[in-house]
1. Only one residue in ARG51, ARG27, ARG23 is of a type outside the set (Ser, Thr, Tyr), farther than 23 Å from ASP137 by Cα, in contact with a helix residue (DSSP H, G or I) (Cβ under 6 Å, 6 or more places away or on another chain) and part of a loop (DSSP other than H, G, I, E, B). Which one?
2. Give the range 116-168 a look and list any residue that's of a type in the set (Phe, Trp, Tyr) and modelled with pLDDT of 95 or more, or say none.
3. So, in the range 2-27, how many residues would count as being out of contact with any strand residue (DSSP E or B) (no Cβ under 9 Å at 6 or more places or on another chain) and either open to solvent by 100 Å² or more (accessible area, probe 1.4 Å) or under 21 Å from THR52 (Cα atoms) (or both)?
4. For the list (1) touching a residue at least 12 places away in the same chain (Cβ under 8 Å); (2) within 24 Å of HIS28 (Cα to Cα), I need the number of the one condition that VAL68 fails.
5. Is one or more of the residues making up the range 141-160 part of a helix (DSSP H, G or I), open to solvent by less than 40 Å² (accessible area, probe 1.4 Å), in contact (Cβ under 8 Å) with a residue 40 or more places away in the chain and not charged (D, E, K, R)?
6. Could you tell me which numbered condition GLY74 fails, if it satisfies all but one of (1) at pLDDT below 85; (2) under 14 Å from CYS26 (Cα atoms)?
Amino acid sequence: MSERIRPSWDEYFMYLAAWAATRSSCRHLQTGAVIVKDKRVVATGYNGAPRTVENCLVQGCRKDQFGVDFEKKGTGNCRGTHAERNAMQQLSMYELEGSSMYTIYYPCSDCAKDIIGAQLSKIFYLFDYKGEGTLVDELIKEAPISLKQLVLDYGKCNEMIKFILDQQKRK
């Protein structure tokens, strides 16, 4: 690569959400979220146990211990808090209003309710693991929130990182 490539703002914030996901303490699904206001990151979050509580990497996964299928979300068996909620808990309602969220997965219905209540204006997500006609779809249609799936070019990401890491060789 001879020319420097810069990510768009949306790509940049989604890459940050992916980096946040690397801190996840869930054994099954790593996800992250970034909240942005006026092109500034105001909070990040990842899925994991609340502060002062042992996470699943230490304690073990309750879903595994009780034989709960991972796909059965919302069963009350998970020690972790979702990335979206972890990010929002860092901010006041005033700071959240009108901001955007970049999250790895399409939000669950509980997180969607919190996002709508906090009056965020946009949600960007990478992966869609929901079914058609979900409660989230209904809620988003009623709320004044823009919802958009992003597609990242991983080759472009690798080129950008390689360019940065190779800069010492160019000196």
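The values are calculated or read from the model by the stated rules, or taken from the named source; none is laboratory data. Note that this is a predicted model, so its numbers are computed, not measured. All Cβ positions, glycine included, derive from the backbone under ideal geometry; neighbour counts span all protein chains shown. What goes into the accessible areas is simple: the full protein's heavy atoms, side chains included, and nothing from ligands, DNA or RNA. Shrake-Rupley method; radii C 1.70, N 1.55, O 1.52, S 1.80 Å.
1. ARG27
2. Correct list: PHE124, TYR125.
3. 5
4. Every listed condition holds for VAL68 apart from (1).
5. Looking through the range 141-160, at least one residue is part of a helix (DSSP H, G or I), open to solvent by less than 40 Å² (accessible area, probe 1.4 Å), in contact (Cβ under 8 Å) with a residue 40 or more places away in the chain and not charged (D, E, K, R).
6. (2)
Each row is one residue, and each column tells you yes or no for (1) of a type outside the set (D, E, K, R); (2) over 25 Å from CYS26 (Cβ atoms); (3) open to solvent by less than 20 Å² (accessible area, probe 1.4 Å); (4) outside any loop (DSSP other than H, G, I, E, B).
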position: GLN90; (1), (2), (3), (4): yes, no, no, no
position: THR103; (1), (2), (3), (4): yes, no, yes, yes
position: LYS113; (1), (2), (3), (4): no, no, no, yes
position: LEU120; (1), (2), (3), (4): yes, no, yes, no
position: TYR129; (1), (2), (3), (4): yes, no, no, no
position: LEU139; (1), (2), (3), (4): yes, no, no, yes
